[in-house]
Structure formats: C-alpha cells, structure tokens
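*Asks:* Here it is: the structure, laid out below.
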Amino acid sequence: MDDIAKVLILEKNCAQLIALTVWLQQFPELDVVGSMSVTELKQSIDKNLTLEYDLIIYGLEIGNSEEVPLELAMSLSLVRKVKSKAYAPAVILLTNCLNEGQTNNTTTQMSHQLLRESDAQLLMTDSLKDCYREITRLLSYKYANKTPAIKAG
C-alpha cells in the first residue's frame with residue numbers, strides 16, 4: 001500500500017470505538033478520518049456517507065433480543081448504500097458470530113446476505129494482528145483494482 005487509506009469506524013460501544021481508533025492511528029498508512037457510534041450514523045447517514053473512504057470498519061454486535069431483525073436490516077441497508085457508490089469503500093464487519101443463537105429463518109437469511117455483501121468479517125475474538133492483516137489485504141486488493149490497466153503498443 002503506497003497510498004494513505006481513509007478509514008471510517010462505526011461502533012456502538014464507545015470504549016471499543018476509542019480503542020479501535022487509537023490502535024489504528026499507530027499505522028502511518030491508515031488515516032482514521034472519522035469515527036462515530038452507530039446511533040450518530042443513523043442520525044446523519046447521508047452526510048457522512050458522501051465522504052470518500054477507502055475502508056469502513058463496522059462494529060456490529062448482535063445479541064439475542066427481539067431487535068435483532070431490525071438491527072440486521074439496518075446494517076444490510078447501510079452496507080448496500082455504501083456499496084452503491086461509484087467508488088465503494090471496503091467494508092469489514094467486526095462482529096460476534098452472526099449466526100450464533102439465531103432461530104428465525106429470516107434473521108439467518110439477513111445474516112448470510114450481510115456477510116456476502118460486506119468484504120470481510122472479523123470476529124471480536126480475532127487478534128489485532130489478524131485484523132491488521134485483513135485490513136492490508138483488502139486495501140492492497142482495492143488499490144490494485146483502482147489502478148488503470150496499461151496497454152502495450
């Protein structure tokens with residue numbers, strides 16, 4: 001990665017948001033240009049998603065409550081909106097296991113769809129080394145596809 005990647009962090013848990021922001025700021029090739037709780041994002045989704053990001057890290061912790069289908073539907077809507085942009089950023093879901101404890105067939109289908117439409121899933125139990133490796137892999141791939149092909153002759 002030669003370019004400095006612009007990163008947006010979306011996280012519901014304030015302590016995790018701060019910890020992830022501080023951790024990512026130690027890497028000179030990553031520029032955390034935004035971080036916000038998911039609640040803030042819901043209030044200003046259009047304004048914040050018009051900025052150009054290279055990577056969005058979306059902290060999504062799904063519990064076993066009645067609100068699970070609603071949270072999954074909003075998350076899926078957010079990922080689709082991000083991916084609909086001409087220059088779509090890579091999206092990493094930082095989550096607990098999305099299929100764990102789900103008994104509702106619709107909820108399971110939404111979880112699978114969310115995993116398919118995001119670029120990567122990291123579990124909250126994964127190491128920071130694994131997280132950094134996945135970030136660099138996604139950004140390297142993204143920059144390789146962004147570079148125009150040069151034709152010979």
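*Asks:* Search the range 132-153 for residues being part of a helix (DSSP H, G or I) and among the aliphatic types (A, V, I, L, M), and hand back the single one that is modelled with the lowest pLDDT. First the steps, then the outcome.
*Replies:* First, the residues of the range 132-153 that are part of a helix (DSSP H, G or I): 132-146.
Narrowing further to those that are among the aliphatic types (A, V, I, L, M): 135, 138-139, 144.
Values: Ile135: 90, Leu138: 89, Leu139: 87, Ala144: 64.
Only one residue tops the list, namely Ala144.
*Asks:* Looking at the range 2-23 only, could you name the residues that are surrounded by 15 or more Cβ atoms within 10 Å (Cβ to Cβ) and either farther than 22 Å from Asn96 by Cβ or without any contact (Cβ under 8 Å) to a residue 24 or more places away in the chain (or both)?
*Replies:* Ala5, Lys6, Thr21
*Asks:* Quick check on the range 99-131: of everything there that is under 23 Å from Lys83 (Cβ atoms), of a type in the set (S, T, N, Q) and surrounded by 17 or more Cβ atoms within 10 Å (Cβ to Cβ), which residue is modelled with the lowest pLDDT?
*Replies:* Looking at the filtered set, the residue picked out is Thr107.
*Asks:* Residue under question is Ile9, and the condition is that it be among the aliphatic types (A, V, I, L, M), modelled with pLDDT of 85 or more and not in a strand (DSSP E or B); does it hold?
*Replies:* Working: among the aliphatic types (A, V, I, L, M): yes; modelled with pLDDT of 85 or more: yes; not in a strand (DSSP E or B): no.
Criteria not met by Ile9.
*Asks:* Find all pairs meeting these conditions: Cβ atoms under 6 angstrom apart; at least six residues apart or on different chains; first residue within the range 77-97 and more than 17 Å from Gln121 (Cα to Cα); second residue of a type outside the set (S, T, N, Q) and surrounded by fewer than 21 Cβ atoms within 10 Å (Cβ to Cβ).
*Replies:* Going by the 6 Å Cβ cut-off, there are no qualifying pairs.
The values are calculated or read from the model by the stated rules, or taken from the named source; none is laboratory data. The structure displayed is predicted, hence computed values, not measured ones. Note that each Cβ is placed from the backbone with ideal geometry, even for glycine, and that neighbours are counted across all protein chains shown.
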